[in-house]
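Student: My questions all concern the structure below.
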Amino acid sequence: MKNSWTKFEILVGLLQIVLGIIMVSLAIWLISNNVQLLFKHSGSTWDDISLLTITKNYHSPILLGSLPIVSGILLLRNKLIGWITSLTTWLIYGITIIILILKDIVNETGTLNPKSDYIILGIISSLCFILTLLMSAKYFRLKYSPTNKSWLTVGLFTLIFITDKFIFN
């Protein structure tokens, strides 16, 4: 059984790296596309654009892409901080998807097609929470020997990211 958990850990680490690369790529594309649209439709130049505004508006996708890359690499290197950030990553992704769905429902933005998008996002969110539970299985708790401080770190990082989501987005 130990070998299965080791393979699972490697798979999760690789999945996080790939997911992170995709997220960072999408974030860069989003920023580039929005800046180009701003230039095209408002006649703005680089002098008119504040780096602080871009950072404020787009820091979340960059962080949500960078976190899994870092945690995936550290998880593959069998580091405690990799395991902690891996748990944090899956929790944040699951909660972020739920927030996205709730914002769409409450604001009635119509961004999501309620039947299909809600179901797909609900499944993805559930998978994130399942990965969180699997990553906190007995095998990993024995391997990484987390302390109360480790669990507090997971909770604190998750709380910071989610609070940031409510404040800035």
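We did not get these values from a lab; they are worked out from the coordinates using the rules stated. Being a predicted model, the structure only gives us computed values, none of them experimental. Cβ sites come from the backbone with ideal geometry, for glycine too, and all protein chains shown count toward neighbours.
Student: Among the listed pairs LYS2/LYS149; LYS79/LYS138; LYS2/LYS79; LYS7/LYS138; LYS79/LYS149, which have their C-alpha atoms separated by more than 20 angstrom in this model?
Tutor: Values: LYS2/LYS149 26 Å; LYS79/LYS138 17 Å; LYS2/LYS79 17 Å; LYS7/LYS138 15 Å; LYS79/LYS149 15 Å.
Long pairs (Cα-Cα over 20 Å): LYS2/LYS149.
Student: For LEU102 and LYS56, what is the calculated FRET efficiency with R₀ set at 25 Å and r taken between the beta-carbons, to the nearest 0.05? Please list the in-between numbers first.
Tutor: Details: r = 22 Å, r/R0 = 0.89.
Working from the Cβ atoms, E equals 0.65.
Student: Report, ordered by chain and residue number, the lysines lying within cross-link reach of LYS40, taken as a straight Cα distance under 22 Å and ignoring same-chain residues fewer than 8 apart.
Tutor: Partners within reach: LYS56.
Student: Can you tell me the Rg and Dmax of the chain, counting just the alpha carbons, in angstroms?
Tutor: When restricted to the Cα atoms of the chain, Rg and Dmax are 18.2, 62 Å.
Student: Right, another one. Of GLY82, ILE160, TYR93, whose Cα points farthest to the positive end of the dipole of the range 2-168 (charges on the beta-carbon: +1 Lys, Arg; -1 Asp, Glu; origin at the Cα centre)?
Tutor: The Cα lying farthest towards the positive end belongs to GLY82.
Student: May I ask you to list the residues of the range 65-94 whose amide nitrogen lies under 17 Å from a point 7 Å from Cα along the Cα→beta-carbon direction of ASN148?
Tutor: The answer is none, because no backbone nitrogen lies closer than 17 Å to the label point.
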